[in-house]
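Data block below; observations after.
The values are calculated or read from the model by the stated rules, or taken from the named source; none is laboratory data. Quick caveat, the model's predicted, so the values are computed rather than measured. Here the Cβ is made from the backbone with ideal geometry for all residues, glycine too, and neighbour counts use every protein chain on show.
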């Protein structure tokens, strides 16, 4: 947001209420009526109309969310809250202040982080006036001043933060920003409700590099997990071999189970080396199983 846009957006936050114009018009009518009354009775009517205009020109109405700061002869005189109030023409001037929560957007463009990365940051500021007197008397344009202070604070926070922290810990940045801005604007009668960073934009080349880095990190983690799984499987096999070494019967039972599983599929062909059969002591068992399988086939074809 440029300084010109900031001033335009802030101009709607304060309104000057004056009564000089209507009062002077009424006073002029009174003078004209006084001269006319010397020649005709209509002059009295003109005087009355002018008097009413002059009197009612000082009547003002505040909405429920407004307060008016009244200056008399240039010095603070009083604060008028919501409802009807009167401003004496010429000697008094009233400034209306909106006390509702105001939402303002601001940004920082091409600002270097602590690790020298240029970033564009957009943020939103939620604030309100809590002391209309300070907002009118202590600063000329409190709306524009708040936004300028917010922009400066944002640049300061960016310069003290590395990019990775800025992308991952936005809530901490919001808290830091709120504290810095609140300290700057407290003398102006303004209270900061909250600050939220909406978007952090980085150069496209850096985005591509970060994407490749993240992909490489995911592949590294996948390889580590796969390697750990292989180690665990090998460890289990080692434990099983120790059990089979100490208990040959368990090895024979495992062999029988493997043979049973292989023969469950009728169309399967299992080739077992003779050395393995002799080692496992399954020669007779294998022959018996094969004979049984042939008998089953003959019965099905009969």
Report summary line: Of 138, 134, 80, 116, the only residue that is in the same structural domain as residue 57 (by TED's automatic domain parsing) and more than 17 Å from residue 173 (Cα to Cα) is 80
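Rundown of residues vs (1) at pLDDT below 70; (2) part of a helix (DSSP H, G or I), yes/no style:
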position: 187; (1), (2): no, yes
position: 191; (1), (2): no, no
position: 207; (1), (2): yes, yes
position: 218; (1), (2): no, yes
position: 229; (1), (2): no, yes
position: 253; (1), (2): yes, yes
Query raised in the report: If you go through region 86-97, how many residues are surrounded by 17 or more Cβ atoms within 10 Å (Cβ to Cβ), assigned to a strand (DSSP E or B) and out of contact with any helix residue (DSSP H, G or I) (no Cβ under 6 Å at 6 or more places or on another chain)?
Result: 4
Requested in this report: For residue 123, indicate whether it is assigned to a strand (DSSP E or B), closer than 20 Å to residue 194 by Cα and in the same structural domain as residue 159 (by TED's automatic domain parsing).
Outcome: yes
